[in-house]
Amino acid sequence: MMKSPLADYHVSQGATLAEYHGAIVPSKFTDPAAENRAVRAASGLFDFSFRGKFRMKGRDHAKLLQRLVSNDVKKLTPGQGTYATLLNAQGHIVVDLRLYCAQDHFLVDTEFDLRDKAIQSFRRFIIADQVEIEPLELYALAFQGPRSHGLLEKTLHIDLPAMQEFDHFATNYAGFPIHVVRASSTGEEGYEVWVNAPGTEAIWGAACGQAPTYGMLPCGFEALESLRIEAGIPRYGSELGEDVIPLEAGLLNALSFNKGCYIGQEIVERTRSRGHVNWKLTGLILNSEQPLQSGEKAVVEGREVAEITSSCVSPTLGKTIALAYVRREFTEPGAKLTLASGIAAEVVALPFVSPHAPA
C-alpha cells in the first residue's frame, strides 16, 4: 500500500489518515461537512495521492489506445485529454481512465489501486506494436471549488490559460517540474497539480498560505465522497466495476459512437440501439438520519428493483442521499421505493447538487 509523501506533514497539521483506493491519505482535517461546504462555496485542497499515473509512448502508443479504449483519442492534440473506459469483451468496465495527450506520449491517470491492473491490461494487447508503458512517481494535489481558479493562480504565481475539462500543460514551480490539469472530482470547477514527492509540500504549503483569501480548507476523502455523491459522479469499486456497462452508469462522456471498433464496442452499440438499459445509476433521497450500507436492496413483488452503491448525509441538502442502480421501470423522478431495512426512498434525477458559479 502506498503512503502519501505528505502523510507525516498532514498528521502534524491534525489530519486523520486512512486507506483510500490503495493509498494512505487524509480522511479528514477538521469536520468533513465543513470541508464539503468550503468546496461548494469557495475552494478546497485535496491530497490526491490515491491517483496512480503512467506514461504510454512509442511509435504505436496512440494507435493501441485508439483500438482499446471506449473514447476517441485519435482526435486529441497535445494539451488535450479525455475520459474513457477499458472494457472487456462483454462490454463491462475493467478500469476507467483519464487520458492526456502530450507531444510524443499519453499520460494515463486512474485510481492507484487500479494502476497495475490497467498497465497489465494494456500490455496483454501489445503484440507487434512498438509501445512502452512506464509507471510514474507523480502525486496530485487537487484544487476544487468555484474559487479554485484564483487560488491556483496565486499559489503557482501564474496566469492560467483558458482551459476546457482535461486540458493540461507543463510548467515549473520553485524549481519543480509540474503538470497542471483541469479536472473536476466534485462537480465544481477543479484543477490538479502533478508533481514529484519533494515538490508536494512546497505547493501544499503555498496553497495553504492563501487559504484566508480564497475561503480554502484542506480536505480529506470523507468530504470528497460526499461531494462526488452529491454531484452524481460514479467511482470504481462503488458504482463501476466488471459487472457494469458504461451506459448503465451514464458514462456518455467516456464513449465515442463513431470512432470504430474497440473492445466491448459491439455490446455498447447494441445497448444504445435498443434505446434503454435495464438498470440505471440513479439518485435516492432516503428517509434516514444515517447513510445506508452499499448493497442494500429494494424489492417489489419479490423482485429486486434497486441496489445502493454509495450513501452519505449531504451537507448541502441536509438530507441522507444515495447513488443506486435502479430498474428502468422505477427510475422516473418521484418514484417511491422501500428498502429491505424498511427505510423509504424517493427517486431523484442526478446530480443532487448543481455546480456553483465561479466567484
Cα→Cβ-extended label distance, 7 Å offset, between CYS208 and ASP31, nm:
2.1 nm
Work out from phi, with θ = phi - 60° and the Karplus expression 6.51 cos²θ - 1.76 cosθ + 1.60, the ³J(HN,Hα) of each residue of region 347-354, listed in order in whole Hz, and give x for Gly and Pro.
6, 9, 6, 8, x, 5, 10, 8
Counted charge near ALA7, where neighbours are those whose Cβ lies closer than 13 Å (Asp, Glu -1; Lys, Arg +1)
-3
Quick one: what do you get for region 120-267 if you divide its Cα Rg by 2.2 N^0.38 Å?
1.24
Cα-centred dipole magnitude for the chain, charges only on beta-carbon of K, R (+1) and D, E (-1), debye, nearest 20
740 debye
Where only C-alpha atoms are counted, convex hull volume of the chain per residue in Å³
137 Å³
Karplus (6.51, -1.76, 1.60) ³J(HN,Hα), θ = phi - 60°, over region 124-139, in Hz, Gly and Pro reported as x:
4, 9, 7, 10, 9, 6, 9, 9, 10, 10, 10, x, 10, 8, 10, 10
Total lysine pairs under 14 Å (Cα atoms) in the chain, excluding pairs fewer than 8 apart on one chain
7
Going through region 92-175, which GluC sites (Glu not before Pro) have at most 12 other Cβ atoms within 10 Å and a DSSP loop state?
GLU137
Using 0.36 nm times the number of residues separating LYS74 and ALA18, minus their current alpha carbon distance, what extension gain do you get?
16.3 nm
In region 42-75, whose amide N lies under 17 Å from the spot 7 Å out along Cα-to-Cβ of ASN196? List them in ranges.
53-55
Place the peptides 166-176, 112-122 in order of packing, highest mean first, counting for every residue the other Cβ atoms within 10 Å and averaging per peptide.
112-122, 166-176
Which residues does a label at ILE126 reach in region 56-80, if reach means a backbone N under 20 Å from a point 7 Å past the Cα toward the Cβ?
56-70, 73-74
In a GNM of the chain with a 10 Å cut-off on Cα contacts, which of GLY215, GLY91, GLY44 has the highest mean-square fluctuation?
GLY215
Count the net charge of all other residues whose Cβ sits under 11 Å from the Cβ of GLY220, scoring Lys and Arg as +1 and Asp and Glu as -1.
-4
Can you give me the relative contact order of the chain as a percent, contacts being Cα pairs under 8 Å and 6 or more apart?
19 percent
For SER273 and LYS319, FRET efficiency with R0 = 41 Å and r from the beta-carbon atoms, rounded to 0.05?
0.65
If the label point sits 7 Å along Cα→Cβ of HIS157, residues of region 178-212 with amide N under 12 Å come out as none
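Quick note: the coordinates plus some simple rules give every number you see, no bench work behind them. Predicted, not measured: the structure shown is a model, and the values here were computed from it. For neighbour counting, all protein chains shown are included, and Cβ atoms are generated from backbone atoms with ideal geometry for every residue, glycine included.
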